[in-house]
Amino acid sequence: MNAVEMSGVTKSFGAVTAVRDLSLVVPSGSVYGFIGPNGSGKTTTIRMIMRIFYPDSGDIRVFGETHSQAATDRIGYLPEERGLYKKMKVQDVLTFYAKLKGFNQPGAEIDAWLARLGLSDWANKRVETLSKGMAQKIQFVAAVVSRPELVILDEPFSGLDPVNLDVLRDAIVSLKRDGSTVIFSTHDMSAAEKMCDQIFMIYRGEKVLDGTLASIQDTYGADTIRLRLEDAGCLSSLQGVDHVKDFGAYQEIRLGDGVDAQRILSTIAARTRVSLFEVARPSLHDIFVRIAGTEAQAS
Amino acid sequence: MNKVLVVFKREYLAQVRSKSFLITLVMMPLLMAGSIIVQKLVGEGVDTKERRIAVVDRTGVLFDAIKQSADERNATAITNKEGRHIRPPFIVTSVAPKVDIAAQQLELSQRVRNKDISAFVDIGTNVTRSEPDADADFVRYYSDSPTDREFIRWLNVVLSQRVIAMRFDEAKLPAGVVQGAIRPIDIANLGLVSVDAEGKVKEAEEADRLTAFIVPYGFSMLMFMSVLVSGPQMMQNIVEEKMQRIAEVLVGSIPPFQLMLGKLLGVTAVSLTLISLYLAGGYFVAQKMGKADLVPMSQVVWMLLYGAIAMIMFGSIFGAIGAAVSEIKDAQSLVMPVTILLVLPIFVIVPVIQAPNGPLAFWMSFFPPATPMMMVTRMAVPPGIPMWQPIAGIPLMLLFATFCVFAAGRVFRVGLLMQGKPPKIGDIAKWVLRG
């Protein structure tokens, strides 16, 4: 059973095609990551799955059904930003959202989630008194408190500090453990790498990556070398190297087609001291940048 | 339907618990009381500086009477109970008439300009005579403050009494007989005579100004105020939901039409709450004043019913505007025509109260946006209107309200997630037509 099936979906706003001929299958019980530069169509895709937008053409099935409107009790949704009544108390706003999903006795569930995210003391505070991170966690609770089968989170991690990021990451993992399907979009590539069963990347409205991390990395091969050198300057004139990135503490180079890593090592070793040399597959971050690099730099 | 109730409950509580609702609730009576107090204060704050009036009495017989009346008035009628001056004293001085009238008037005008005197009066020679003479019948008041009519009003009464008596004398008519003959009549404005429970004929009550004007006017104002307070509040809440991206969560949980319905019911309940509270307050005050029976219960029921329908009509329009724009300031230009529609009955309320069964009143009360206020007003003015009219008004309004709700529902669905540039009225019309 698939949670979401999209086939040949296109959506335009005026002259702009936001999503073009997109097909996607999200299996039940999986965690699916949506990545892509800003404005590439992630949110449009999510809103179409939510049935907030209707596709111009193509077919979208959620749990095998093509329902006609967004309102469904089976999906929990966290929009990109805010989404809470400022003047309401945390407890009340969560109860309201749960009841809107037809979950009429949410008290225990709310208490449990607030306790889990360390927000129990804030249950009777107004939303406007919360910090940004806290409000974001409350928003997350609002999306999951009715125990939906599919949870869609648009940028759940943006603006969170590392501690809260871990808390939220654990919460998402626990959703999966309880049998929910999770779709989330993110700019946090390491989170996507660590958490997602499958990753989908959309660029300029079209699907450019779709699959498990391993399968995606396989298509790019082991062409990346991580180095720690005494003098990083010697990399600049290296033959057979496509791309050099100096992170300061370490460097990353990408090899050209058919270039032997061993030969590169001996060349570098002749020039400077090498304290780290690791042949690796490109990270999701690298793959993202390779696809969208020029545009991301321009924006 | 359960979700409609969830939205209804939140919307109602959010509005009723908000500070602005409490402020409105307290402010309206405060404003009314305040305006009465201010009027009183302003009334006491009149210019009580003495008015020095020069009198050119060409008859030679009127000045003494004027002087005597002025002195009496200055002694008795210009202070209030606490002895504070509330009116200006009039100091009149006689100026000998000169033959060249124009020259004398010029000279006296100059004295007014020099602040030597406040004004002057020129009384023609023939004023006291019973035989008219167009050239000499004048009484002229010259001043540089034509809007200050206090002295003129007073002088008019004093001179008239004196002069008329003198004319009677001259014509050898006995003043008492003539005064009796020309006494004015005073028409009493009465309601109808009825028979009470014991079979006695009940005195016709004087048709009270309270029922004839205050009650219908108050009813209309109350309805107008409640729509004007709750409607834009609902609009503002929806804009906030859009700006806070709450709308996106909401439409993921409840169909837009149901969402709007819940909000509409909520805001209607808010406005009924407002009306009920004021009616209860008004009834309490009326009871204290012993006039509670002036407000018939049946009219209150009609008013609540019409108030509810009015709120649904205008609430859905305000709601649609809220859904169409992204910022509250973008809403202003769209709110304008709605406000005019809402204010329309207020513009015509005075002629409608004066002629509650006239053609203007009749046709206006079958123009759906104006129906609630017009019908309620006309029903409250004795003797009321034929029963079929308010009843016929209901399906008409319901039809219009249904259209509003339907159209607003479509605008809601399209507009709720739209961000950025505010739509033009034409765009909104397209949303309504296309769905």
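A few comments on the model shown:
- Some residue of the range B:260-281 being within 14 Å of another protein chain (Cβ to nearest Cβ), in a loop (DSSP other than H, G, I, E, B) and among the small types (Gly, Ala, Ser): no
- Among residues of the range A:115-141 that are at negative phi and in contact (Cβ under 8 Å) with a residue 24 or more places away in the chain, those with a Cβ under 7 angstrom from a residue that is in a helix (DSSP H, G or I) and basic (Lys, Arg), sequence gap 6+ or separate chain, pair up as A:Leu117/A:Lys137; A:Leu119/A:Lys137.
- Out of B:Arg129, B:Arg87, sole residue that is crowded, with 16+ Cβ neighbours inside 10 Å, of a type outside the set (S, T, N, Q) and at pLDDT below 85: B:Arg87
- Residue in the range A:162-181 that is within 10 Å of the chain's Cα centre (by Cα) and of a type in the set (Ser, Thr, Tyr) present: no
- Single residue of the range A:40-54 satisfying the filter (away from every other protein chain (no Cβ under 14 Å) and part of a loop (DSSP other than H, G, I, E, B)) that is farthest from A:Val19 (Cα to Cα): A:Ser40
- Screening B:Met289 with (1) modelled with pLDDT of 85 or more; (2) farther than 30 Å from A:Ile152 by Cα gives one miss only, at (1).
- The range A:259-299 - residue that is among the acidic types (Asp, Glu) and outside any strand (DSSP E or B) and, of those, modelled with the lowest pLDDT: A:Glu295
- Qualifying residue in the range A:107-126 (condition: assigned to a loop (DSSP other than H, G, I, E, B), surrounded by fewer than 18 Cβ atoms within 10 Å (Cβ to Cβ) and within 12 Å of another protein chain (Cβ to nearest Cβ)): no
- The helices (runs of 4 or more DSSP H) located wholly in the range B:338-435 that include 1 or more residues which are of a type in the set (Asp, Glu) occupy B:425-434.
- The residues of the range A:143-166 that are crowded, with 22+ Cβ neighbours inside 10 Å and of a type in the set (S, T, N, Q) amount to a single one, A:Ser146.
- Filtered by the rule that a residue be within 14 Å of another protein chain (Cβ to nearest Cβ) and modelled with pLDDT under 85, the range A:55-67 gives a lone residue, A:His67.
The rows are residues; the columns are (1) among the basic types (Lys, Arg); (2) in a helix (DSSP H, G or I).
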site	(1), (2)
B:Ala136	no, no
B:Arg140	yes, no
B:Ser145	no, no
B:Leu155	no, yes
B:Ile164	no, yes
B:Arg167	yes, yes
B:Lys172	yes, no
B:Gly176	no, yes
B:Gln179	no, yes
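- Residue in the range B:232-246 that is among the hydrophobic types (A, V, I, L, M, F, W, C), within 14 Å of chain A (Cβ to nearest Cβ) and out of contact with any Lys or Arg (no Cβ under 9 Å at 6 or more places or on another chain) present: yes
- Pairs where the first residue, in the range B:378-397, is within 16 Å of B:Met364 (Cα to Cα) and the second is modelled with pLDDT of 85 or more and exposed (fewer than 15 other Cβ atoms within 10 Å of the Cβ), C-beta under 7 Å, 6+ apart: B:Ile385/B:Asn357
- Enumeration of residues in the range B:262-273 that are surrounded by 24 or more Cβ atoms within 10 Å (Cβ to Cβ) and of a type in the set (A, V, I, L, M): B:Leu264, B:Val267, B:Val270
- Those residues of the range B:2-43 which are without any contact (Cβ under 8 Å) to a residue 40 or more places away in the chain and basic (Lys, Arg), in sequence order: B:Arg17, B:Lys19, B:Lys40
- Restricting attention to the range A:68-106 and to residues that are among the aromatic types (Phe, Trp, Tyr) and in a loop (DSSP other than H, G, I, E, B), the residue that is nearest to the other protein chains (Cβ to nearest Cβ) turns out to be A:Tyr85.
- Failed item, numbered, when A:Val144 is tested on (1) more than 14 Å from A:Gly76 (Cβ to Cβ); (2) modelled with pLDDT of 90 or more; (3) within 13 Å of chain B (Cβ to nearest Cβ): (1)
- Cβ separations smaller than 6 Å between residues 6+ apart or across chains give the following pairs from the range B:122-143 residues that are over 22 Å from B:Val92 (Cα atoms) to residues that are of a type in the set (Asp, Glu) and surrounded by fewer than 17 Cβ atoms within 10 Å (Cβ to Cβ): B:Ser130/B:Glu170.
- Selected residue [farther than 30 Å from B:Ile86 by Cβ, part of a helix (DSSP H, G or I), more than 14 Å from every other protein chain (Cβ to nearest Cβ) and modelled with pLDDT of 80 or more] from B:Val16, B:Val26: B:Val26
- Within the range B:101-123, being outside any helix (DSSP H, G or I) and either of a type in the set (Lys, Arg) or more than 43 Å from the chain's Cα centre (by Cα) (or both) holds for one residue alone: B:Lys115.
- Within the option set A:Gln262, A:Gln239, being touching a helix residue (DSSP H, G or I) at 6+ places or on another chain (Cβ under 8 Å) and more than 12 Å from A:Leu227 (Cβ to Cβ) holds for one residue only, A:Gln239.
The values are calculated or read from the model by the stated rules, or taken from the named source; none is laboratory data. Keep in mind the model is a prediction, meaning the values are calculated, not measured. Cβ coordinates were reconstructed from backbone atoms using ideal geometry, including for glycine residues, and neighbour counts include every protein chain displayed.
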